[in-house]
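Just passing along the structure, written as structure tokens.
The values are calculated or read from the model by the stated rules, or taken from the named source; none is laboratory data. The structure presented is a predicted model; accordingly, all values stated were derived computationally and were not measured. We place every Cβ from the backbone using ideal geometry, glycine too, and count neighbours over all the protein chains shown. For the accessible areas, the whole protein counts, side chains as well, though only heavy atoms, and no ligand, DNA or RNA atoms are used. Shrake-Rupley method; radii C 1.70, N 1.55, O 1.52, S 1.80 Å.
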Amino acid sequence: MNQSMSTVSLIRYAVAFVFITSGVMKLFSTELAEVFIHLGLPFPDIMLYGTAFLEIICGILILLNRSVKNAVIPLIGIMIAAIILTKFPLLNSGILPFAFKARLDIVMLLLLYILYKKSPS
């Protein structure tokens, strides 16, 4: 039990770090913001700030072990959208380039799923 708790805590810290950093970079990196804005989403500026806000707030909640189950739900949606928008087009190049470029997104999605399942209701 104690071993499992430390593993879940480590996953929480890693996931929180990734999303807080990603959210902050969306706000302060013009290069990353430009890539995001050119994804073809409606209202790209609002989507950029909304996504950044969700990543930072949900990342902080996960870091502080508060409402983890609720915090991972929007992040799972963000990861699914990221895979669909930025990785699925790579399938035209073949499964191997897709698998290589999507590997970290898929791992993050699996870690979010683990946090969802391991968090109390």
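Within the bounds of the range 9-22, is there any residue that is within 17 Å of the chain's Cα centre (by Cα), among the small types (G, A, S), under 14 Å from D105 (Cβ atoms) and in a helix (DSSP H, G or I)?
yes
Which members of the range 24-48 meet the condition of being open to solvent by 50 Å² or more (accessible area, probe 1.4 Å) and among the charged types (D, E, K, R)?
Here is the first cut: in the range 24-48, the residues open to solvent by 50 Å² or more (accessible area, probe 1.4 Å) are 24-25, 27-28, 30-32, 34-35, 38-40, 42-43, 45-47.
The answer is E31, E34, D45.
Any chance you could count how many residues in the range 5-36 are in contact with an Asp or Glu (Cβ under 8 Å, 6 or more places away or on another chain) and of a type in the set (G, A, S)?
Taking the range 5-36 first, the residues in contact with an Asp or Glu (Cβ under 8 Å, 6 or more places away or on another chain) are 19-20, 22-23, 26.
Applying the additional criterion that residues be of a type in the set (G, A, S) yields 22-23.
Residues that pass the stated criteria total 2.
Could you check the range 72-102 and list, in sequence order, the residues that are farther than 29 Å from P42 by Cβ and not in a loop (DSSP other than H, G, I, E, B)? Walk me through how you get there before you give the answer.
From the range 72-102, those farther than 29 Å from P42 by Cβ are 94-96, 99-100; that's our starting set.
Across the range 72-102, the qualifying residues are I95, L96, A99, F100.
Would you pick out the residues in the range 92-121 that are among the charged types (D, E, K, R) and open to solvent by 100 Å² or more (accessible area, probe 1.4 Å)? Walk me through it before giving the result.
Step one: filter the range 92-121 for residues among the charged types (D, E, K, R), giving 101, 103, 105, 117-118.
Passing the criteria: K101, R103, K117, K118.
Next question, about the same structure. Exactly one of these conditions fails for Y116: (1) in contact with a helix residue (DSSP H, G or I) (Cβ under 6 Å, 6 or more places away or on another chain); (2) more than 20 Å from G59 (Cβ to Cβ). Give me its number.
Tallying (1) in contact with a helix residue (DSSP H, G or I) (Cβ under 6 Å, 6 or more places away or on another chain); (2) more than 20 Å from G59 (Cβ to Cβ), Y116 fails exactly one: (2).
Can you tell me which residue is farthest from the chain's Cα centre (by Cα) among those in the range 36-84 that are over 23 Å from A16 (Cβ atoms) and of a type in the set (A, V, I, L, M, F, W, C)?
Ranking the qualifying residues of the range 36-84, first place goes to F43.
I've got another one for you. Of all residues in the range 68-88, which are open to solvent by less than 70 Å² (accessible area, probe 1.4 Å) and free of Cβ contacts under 8 Å to residues at least 24 places away in the same chain?
A71, P74, G77, A81, A82, K87
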